[in-house]
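The values are calculated or read from the model by the stated rules, or taken from the named source; none is laboratory data. Just so you know, these numbers come straight off a predicted model, no measurement behind them. Note that we place each Cβ from the backbone using ideal geometry, even for glycine, and neighbour counts take in every protein chain shown. Ligands, DNA and RNA are stripped out before the accessible areas are found, and what is left, the full protein with its side chains, is counted by its heavy atoms. Shrake-Rupley method; radii C 1.70, N 1.55, O 1.52, S 1.80 Å.
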Amino acid sequence: MKIRLIALCAMSGLCACLNAANNVNARAAARTETPLAVYYSFESIPADSLVREMQSELARILAPADLRVAWRSLDNRAPEEDFREVVVLRFRGVCAFDREAARAESGKDAAGATLAETDLVDGHVLPFGEVQCDQLRRYIAPAERKLDQQEGDAALGRAMARVAAHEIYHMLTGSAAHARSGIARAEHSRAELTGSTFDFARPETEWLRAWVESQPMASTVLGTR
């Protein structure tokens, strides 16, 4: 069973280090400074600019709660790393903007499509989730049809971050419940996913801040890999 984030009605408007010692030091720093690691994978490799936009947007969303995240690729795992909390996100499908495809898909009604989901077993929320890039890309196509490649990748990256934030909230709270407003709501509109800002509502932000404060490690840097 899964907790699903659904598309709202159609009218609603992702180096090598110098030596092994440096690797160990960097990992130790991340371990002591960042309470949450997001391990991720892509079925198809997206543009670097899209991944940067996604990571930057997730950082912006979580900043009001003072929550910092370390990004780690599932393809480059370091067994000696240890974080207070780890979640896994797999990005399925094609996570890339295509202007011609956006134009072709812009007339389709993707209402009710599953945009992201988190695993749920016997009522327990697991730290494993998926973002459905194909459905997400099609859903936001009407908002992207006039964008160039850079703008389209940025818009898709923001949307990916916002649905990922929704699933991360489920994983941290261990609850399948949804909020009445903000990113933790059960449904999101195109405008909410692609607009300049979209955030957690105050109660969810306060819960996340309390979670950070309850962790034994300081949360001071954003790590990426």
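Taking the numbered list (1) open to solvent by less than 30 Å² (accessible area, probe 1.4 Å); (2) in contact with a strand residue (DSSP E or B) (Cβ under 9 Å, 6 or more places away or on another chain) in turn, A186 passes all entries but (1).
Selection over segment 189-210 of residues that are buried (at least 19 other Cβ atoms within 10 Å of the Cβ) and at pLDDT below 95 gives a count of 3. For G93, the conditions (1) open to solvent by less than 30 Å² (accessible area, probe 1.4 Å); (2) modelled with pLDDT of 85 or more; (3) within 25 Å of L208 (Cβ to Cβ) all hold with the exception of (3).
Residues are listed down the side, and each one gets a yes or a no for (1) open to solvent by 70 Å² or more (accessible area, probe 1.4 Å); (2) modelled with pLDDT under 95; (3) farther than 25 Å from S214 by Cβ:
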| position | (1), (2), (3) |
| --- | --- |
| A30 | no, yes, no |
| I45 | yes, yes, yes |
| L50 | no, no, yes |
| L67 | no, no, no |
| R77 | yes, yes, yes |
| F97 | no, yes, yes |
| A110 | no, yes, yes |
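Which residues, taken from segment 52-65, are touching a helix residue (DSSP H, G or I) at 6+ places or on another chain (Cβ under 6 Å) and open to solvent by less than 40 Å² (accessible area, probe 1.4 Å)? Result: M54, E57, L58, I61, A65.
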